Amino acid sequence: MRSYATLFTLSFLTSLLITPIVRRKATEWGAIASPDNGRHIHTRPTPRLGGAAIYIAFVATLVCVPFLGNLVSQSFRANLPKLAALLAPATFVFLFGVYDDFRGSNAPLKLSFQIAAAAMVYAAGFRIENLSSPFSGHWHLPVELSFPLTILWIVGLTNAFNLIDGIDGLAAGASVFALLSILVFSVAQGNPEISLIAVVLVGAVMGFLRYNFNPATIFLGDSGSLFLGFMAAVLSLAGSQKGSTIVAIAIPLVSFGLPVTEAGLSLARRFLNGQSLLAGDRGHIHHRLLDHGLTQRQAAILLYAVCALFSLFGLMLLNPRRSLAALIFFVLGVGIVFGVQRLRYAEFSELGNQIKQGVTRRRRALAVNVRVRRTSNAIGNATTLDQLLESLEGMLSANELDYVRLEAGDVQWEWRRKGIRPVVSDAERWTLSVPLTDEEGASFGAITFHRSLFDKTPAIDIAHLCGSFQRELSAALVRLIREEVRG
């Protein structure tokens, strides 16, 4: 433990001293985040190469490890090839982040580099190969599952930390809690080399936080958020080599609860909004807290507390009893649902409302739309105008429209629901007018549907009225009108 304390202190002090230098160089070199984007909340240009300070302090401290002359340094030297296999792709991600801080890059390019780095980790032997849980048995995964799961784990967590890098100090602080969980987990699993890397990285991040907490004078940038997310993901995999995967994956999954939840919510929100899943927006958890009146400091401290709680629950899974694991996941599930409700996302509020109304509305919609389809068929088989209008009236009596008027040449027909007043002003109703067309596409009339604005949305599918129903009604009217003229 004394060696860990020494390495933490060395890493912390190195980061504390080197961050101002990196900040100055980032300003000179133009790696600046300007407040020119609607998603940015800072009000002045700020250097964003903070990941370089963390990386330099981290590597500089690791270089000193062999000179400690104790069991920790011996273990480090013995496992140097293994650690190099982890640090090489991490350096690859860091260097791409540096490029992004200077030049910027699009989401597909970022994903390509992350997948390539994750594949390097997989090739080095750090992968999800076995799944086990306190609820069921143990499975060995084939390559067809192991490879995509490993890539998804690494790339997903890397981007999850990148997503929460939206207010001063949040991503760096969240990574501290995640790395502390890995540290405790690695010590418990007997992985001293992973514990060593985790404690050095914690020291580097905490030294950097001195300048990154609100009001921040330097940002993590992608060089920092991507590097920290990638390291958290691969260290959790490396730490799993001596333990069951439920301990290795479930603990980080819970301990990294804030970035994982943020990633899941972001994907769900964008899907519900019809946006690209990779598009940026201003709907993240920290943005919602700011919209609710919290300052950046208050939002960061609150989310630190959430991270600490997630980490505590994650470490409780070191004792993989079924009852305890079930209780933890239940409590976390309830907590996340309650938290999302408190944030008042319009997307999830509407989704919940749709689910509540879903069963009743879908049953009603099914009955109404089946009636429309049957009426379309009946209209096509009608031999007289009276039969056609009778079929039409039968359909209307089973739906939720208030007033319908059919005008097709000499055919003038209207239907009104019983109890509806004869005249409803245009300001109190919505109207759908569907044109009637002949074989050449020329309009010869229309059927117009009316409904009060104050009633619930009707269950009838407008696509049916404007599609097959319109075609069948037009064809039948053309045929019957011509027959009447000939007769």
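Readers should treat all values here as calculations from the given coordinates under stated rules, not as data from a laboratory. None of these values were measured; they are calculated from a predicted model. Please note: Cβ atoms are built from the backbone with ideal geometry, for glycine as well, and neighbour counts cover all protein chains shown.
What length, rounded to one decimal in nm, is gained on full extension from Phe271 through to Thr383, with 0.36 nm per residue of separation minus their alpha-carbon distance?
Details: separation 112, 0.36 × 112 = 40.32 nm, distance 4.83 nm.
Result for the pair: 35.5 nm of gain on full extension.
Please provide three numbers in whole Å: the alpha-carbon extents of the range 2-344 along the principal axes, with the largest listed first.
Sorted largest first, the three principal extents are 51, 49, 35 Å.
Going by how many other Cβ atoms sit within 10 Å of their own, how do Lys25, Lys418, Lys110 line up, fewest first?
Details: Lys25 14, Lys418 5, Lys110 21.
Going from sparsest to densest Cβ surroundings: Lys418, Lys25, Lys110.
Using a 10 Å cut-off around each Cβ, can you sort Leu95, Leu141, Leu71 from fewest to most neighbouring Cβ atoms? Working shown, then result.
Values: Leu95 14, Leu141 17, Leu71 10.
Ranking Leu95, Leu141, Leu71 by Cβ neighbours within 10 Å, fewest first, gives Leu71, Leu95, Leu141.
Using mean Cβ contacts within 10 Å as the protection proxy, how do 113-119, 463-469 order, highest first?
Those peptides, ordered most packed to least, come out 113-119, 463-469.
Hey, rough spin-label estimate for Ala116 and Glu393, points 7 angstrom out along Cα→Cβ, what's it come to in nanometres?
Rounded to a tenth, the inter-label distance reads 7.4 nm.
Give the order of Phe271, Phe94 when sorted by the count of other beta carbons within 10 angstrom, beginning with the fewest.
Lowest to highest Cβ neighbour count: Phe271, Phe94.
For Thr217 and Val370, compute 0.36 nm times the residue count separating them, minus their Cα-Cα distance, and round to one decimal in nm.
That works out to 48.7 nm of additional length.
Between Ala88 and Thr295, how many nm apart are label points set 7 Å from Cα along the C-beta direction?
Here the answer is 4.8 nm between the modelled labels.
Between Ile41 and Arg486, what's the calculated FRET efficiency when r is the beta-carbon distance and R0 is 60 Å? Round to 0.05.
The pair Ile41/Arg486 has a calculated efficiency of 0.20.
Among 401-412, 190-201, 220-231, what's the highest-first ranking by average C-beta atoms within 10 angstrom per residue?
Top of the packing list down: 220-231, 190-201, 401-412.
Pop a pseudo-label 7 angstrom from the Cα along the beta-carbon direction at both Trp430 and Val63 and give the gap in nm to one decimal.
In this crude spin-label approximation the distance works out to 6.7 nm.
Report the Cα-based extents of the range 143-299 along its three principal axes, largest first, to the nearest Å.
Projected onto its principal axes, the Cα set of the range 143-299 covers 45, 39, 24 Å.
At a Cα cut-off below 20 Å, give the aspartates and glutamates reachable from Lys110, other chains included and same-chain residues fewer than 8 away excluded.
Within the straight-line cut-off, Lys110 pairs with Asp100, Asp101, Asp165, Asp222, Glu262, Asp281.
Report the calculated FRET efficiency for Lys418 and Arg479 (r = Cβ-Cβ distance, R0 = 22 Å), to the nearest 0.05.
E(calc), rounded to 0.05, equals 0.10.
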